[in-house]
Amino acid sequence: SAIMDVLAEANGTFALNLLKTLGKDNSKNVFFSPMSMSCALAMVYMGAKGNTAAQMAQVLSFNKSGSGVDIHQGFQALLTEVNKTGTQYLLRTANRLFGEKSCDFLSSFRDSCQKFYQAEMEELDFISAVEKSRKHINSWVAEKTEGKIAELLSPGSVDPLTRLVLVNAVYFKGNWNEQFDKENTKERPFKVSKNEEKPVQMMFMQSTFKKTYIGEIFTQILVLPYVGKELNMIIMLPDETTDLRTVEKELTYEKFVEWTRLDMMDEEKVEVSLPRFKLEESYDMESVLCSLGMTDAFELGKADFSGMSKTDLSLSKVVHKSFVEVNEEGTEAAAATAAIMMMRCARFVPRFCADHPFLFFIQHSKTNGILFCGRFSSP
């Protein structure tokens, strides 16, 4: 539907902007769930007015959508689709706003959180029970993510001045449509950089997959479907002589869509070597969002959340934590997994050997939503 396309574009644009911002230090691994982050921030946006709302729309790319489209109805449809029961993957998103109880939140705002985002606005006593509030938030997140994300808020991250905390966590577990045979997993060197190697447990499989080669960035793209093919992992592996930074620089949402079109890919037998890995990343999003232009929301006196509460409010904290484990059976992620390729002489089965840094995305086939983005650059 039109709203889904608009939303996929907005969320996809935001996803790649975040990938570039979080990945500024290009020696670091990156792993996060852009869709989860978009949802959580859209919930806050619902209560924002004036310049605060304008900045948020800009950063979240909602302003692309034209005024005729209801963003919140779009998210309602998207969340219903992605979180639907009866899928062959397990996906749990946990979004909640925790507000200081003296701030008197509007019931209209609370109702909308529930209706559109399957999320609650919960009131806590940050003023006189700050540690109790922090522990309450952490245990709620742990429960929602099957225990994978235990300590979302570290000690001292909330204080008696805290007014509004946005919590956002995702847990994903999926099995590969075709699993790797554990007997083929061997220790192999992973080329972190030109002069540094680290050992990884490298998985191996020969099978038929969709893949393509993008000449303009000297990069192979491989699609590894999860069981049921409702989700795919898309891996972008540059040639050994090409820096991953080149790929990241070139990547826009339009190009991502063009390069990952399944109907334009070849389906062929290929030898896949992909490291087994586990990533757990935490991001305090305030500086990231400010650098993208969402500044007023965090500044008391400038922030306008009058759609949420009559009290003067600003956003105190936005925390995102994600977890992914990629192994022979598939991916377990309180956020994602990866594989890569190298063209050899045509007589051989082509090889995708992810033994140097690559990007990976987990995408929901039906909505084209990017559930997770990652960069694996160092074991």
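In the range 358-379, what residues are closer than 18 Å to LEU18 by Cβ and assigned to a loop (DSSP other than H, G, I, E, B)?
Matches in the range 358-379: ASN368, SER377.
Do you know which residues across the range 82-122 are crowded, with 16+ Cβ neighbours inside 10 Å, in a strand (DSSP E or B) and not basic (Lys, Arg)?
LEU91, THR93, ALA94, ASN95, LEU97, PHE98, GLY99, GLU100, PHE105, MET121, GLU122
Does at least one position in the range 264-276 carry a residue that is under 19 Å from the mean Cα position of the chain (by Cα) and in the same structural domain as ASN195 (by TED's automatic domain parsing)?
no
With the condition kept exactly as written, say whether any residue in the range 291-299 is touching an Asp or Glu at 6+ places or on another chain (Cβ under 7 Å), over 18 Å from ASN95 (Cβ atoms) and in a strand (DSSP E or B).
Within the range 291-299 (the criterion being touching an Asp or Glu at 6+ places or on another chain (Cβ under 7 Å), over 18 Å from ASN95 (Cβ atoms) and in a strand (DSSP E or B)), the answer is no, since none of the residues qualifies.
Find the helices (runs of 4 or more DSSP H) located wholly in the range 1-69 whose residues include 3 or more that are farther than 24 Å from PHE98 by Cα, and list them.
Details: elements: 2-22, 34-45, 50-59.
Ranges flagged: 2-22.
How about the range 151-184: which of its residues are closer than 22 Å to LYS269 by Cβ and not in a strand (DSSP E or B)? It would help to see each step written out before you state the result.
Let us first name the residues in the range 151-184 that are closer than 22 Å to LYS269 by Cβ, namely 175-184.
Once the filter is applied, which keeps residues that are closer than 22 Å to LYS269 by Cβ and not in a strand (DSSP E or B), the range 151-184 yields ASN177, GLU178, GLN179, PHE180, ASP181, LYS182, GLU183, ASN184.
Considering only the range 161-179, I want to know if a residue exists there that is closer than 30 Å to SER128 by Cβ, crowded, with 18+ Cβ neighbours inside 10 Å and hydroxyl-bearing (Ser, Thr, Tyr). Walk me through how you get there before you give the answer.
Residues of the range 161-179 closer than 30 Å to SER128 by Cβ: 161-169.
Then keep just the ones that are crowded, with 18+ Cβ neighbours inside 10 Å; that gives 162-169.
Add one more test, that the residue is hydroxyl-bearing (Ser, Thr, Tyr), and what stays is 162.
Among the residues of the range 161-179, at least one is closer than 30 Å to SER128 by Cβ, crowded, with 18+ Cβ neighbours inside 10 Å and hydroxyl-bearing (Ser, Thr, Tyr), which makes the answer yes.
Can ALA2 be described as modelled with pLDDT of 90 or more and not polar (S, T, N, Q)?
Working: modelled with pLDDT of 90 or more: no; not polar (S, T, N, Q): yes.
So ALA2 does not fit the description; no.
For the subset of the range 243-255 comprising residues that are in contact with a helix residue (DSSP H, G or I) (Cβ under 7 Å, 6 or more places away or on another chain) and part of a loop (DSSP other than H, G, I, E, B), which member is farthest from SER61 (Cα to Cα)? Working first, answer last.
From the range 243-255, those in contact with a helix residue (DSSP H, G or I) (Cβ under 7 Å, 6 or more places away or on another chain) are 246-248, 250-253; that's our starting set.
Retained after the next criterion (residues that are part of a loop (DSSP other than H, G, I, E, B)): 251-252.
Details: LEU251: 16, THR252: 13 Å.
Within the range 243-255, the match that is farthest from SER61 (Cα to Cα) is LEU251.
With the checklist (1) of a type in the set (A, V, I, L, M); (2) closer than 23 Å to ASN232 by Cβ; (3) not assigned by TED's automatic domain parsing to the domain that holds THR85 in hand, flag the one item VAL170 doesn't pass.
Exception for VAL170: condition (3).
Provide a single number: the residues in the range 159-194 that are of a type outside the set (S, T, N, Q), more than 24 Å from the chain's Cα centre (by Cα) and farther than 22 Å from ALA354 by Cα.
Residues flagged as of a type outside the set (S, T, N, Q), more than 24 Å from the chain's Cα centre (by Cα) and farther than 22 Å from ALA354 by Cα within the range 159-194 amount to 4.
Quick one: in the range 101-142, which of the residues that are closer than 16 Å to LYS317 by Cα and in contact with a helix residue (DSSP H, G or I) (Cβ under 6 Å, 6 or more places away or on another chain) is modelled with the lowest pLDDT?
Filtering first and then ranking leaves MET121.
Among the residues of the range 333-357, write down those that are modelled with pLDDT of 50 or more and either in contact with a Cys (Cβ under 8 Å, 6 or more places away or on another chain) or in a strand (DSSP E or B) (or both). Please lay out each step first, then the result.
Start the filter on the range 333-357 by keeping residues that are modelled with pLDDT of 50 or more, which leaves 348-357.
Of everything in the range 333-357, those that are modelled with pLDDT of 50 or more and either in contact with a Cys (Cβ under 8 Å, 6 or more places away or on another chain) or in a strand (DSSP E or B) (or both) turn out to be ARG351, PHE352, CYS353.
Residues in the range 16-33: is at least one surrounded by 14 or more Cβ atoms within 10 Å (Cβ to Cβ), farther than 30 Å from PRO379 by Cβ and either touching a residue at least 12 places away in the same chain (Cβ under 8 Å) or assigned by TED's automatic domain parsing to the domain that holds ILE370 (or both)?
No, every residue in the range 16-33 fails to be surrounded by 14 or more Cβ atoms within 10 Å (Cβ to Cβ), farther than 30 Å from PRO379 by Cβ and either touching a residue at least 12 places away in the same chain (Cβ under 8 Å) or assigned by TED's automatic domain parsing to the domain that holds ILE370 (or both).
So which residues in the range 262-279 are among the hydrophobic types (A, V, I, L, M, F, W, C) and either assigned to a strand (DSSP E or B) or modelled with pLDDT of 95 or more (or both), if there are any at all?
Going residue by residue through the range 262-279, those that are among the hydrophobic types (A, V, I, L, M, F, W, C) are 262, 264-265, 270, 272, 274, 277, 279.
Across the range 262-279, the qualifying residues are VAL270, VAL272, LEU274, PHE277, LEU279.
Kindly provide the set of residues from the range 186-229 that are surrounded by 15 or more Cβ atoms within 10 Å (Cβ to Cβ) and more than 18 Å from SER273 (Cα to Cα), ordered by number.
ILE214, ILE217, PHE218, VAL227
Return only the number of the condition from (1) closer than 23 Å to HIS320 by Cα; (2) part of a loop (DSSP other than H, G, I, E, B) that SER282 does not satisfy.
Tallying (1) closer than 23 Å to HIS320 by Cα; (2) part of a loop (DSSP other than H, G, I, E, B), SER282 fails exactly one: (2).
Considering only the range 42-61, I want to know if a residue exists there that is assigned by TED's automatic domain parsing to the domain that holds SER133, within 19 Å of LYS144 (Cα to Cα) and in contact (Cβ under 8 Å) with a residue 12 or more places away in the chain.
Taking the range 42-61 as the starting set, the residues that turn out to be assigned by TED's automatic domain parsing to the domain that holds SER133 are 42-61.
Then keep just the ones that are within 19 Å of LYS144 (Cα to Cα); that gives 43.
With the extra rule that they be in contact (Cβ under 8 Å) with a residue 12 or more places away in the chain, the set shrinks to 43.
Within the range 42-61 (the criterion being assigned by TED's automatic domain parsing to the domain that holds SER133, within 19 Å of LYS144 (Cα to Cα) and in contact (Cβ under 8 Å) with a residue 12 or more places away in the chain), the answer is yes, since at least one residue qualifies.
The values are calculated or read from the model by the stated rules, or taken from the named source; none is laboratory data. These numbers were taken from a predicted model, which means no experiment stands behind them. With ideal geometry, Cβ positions are generated from the backbone for all residues, glycine too; neighbour counts draw on all protein chains shown.
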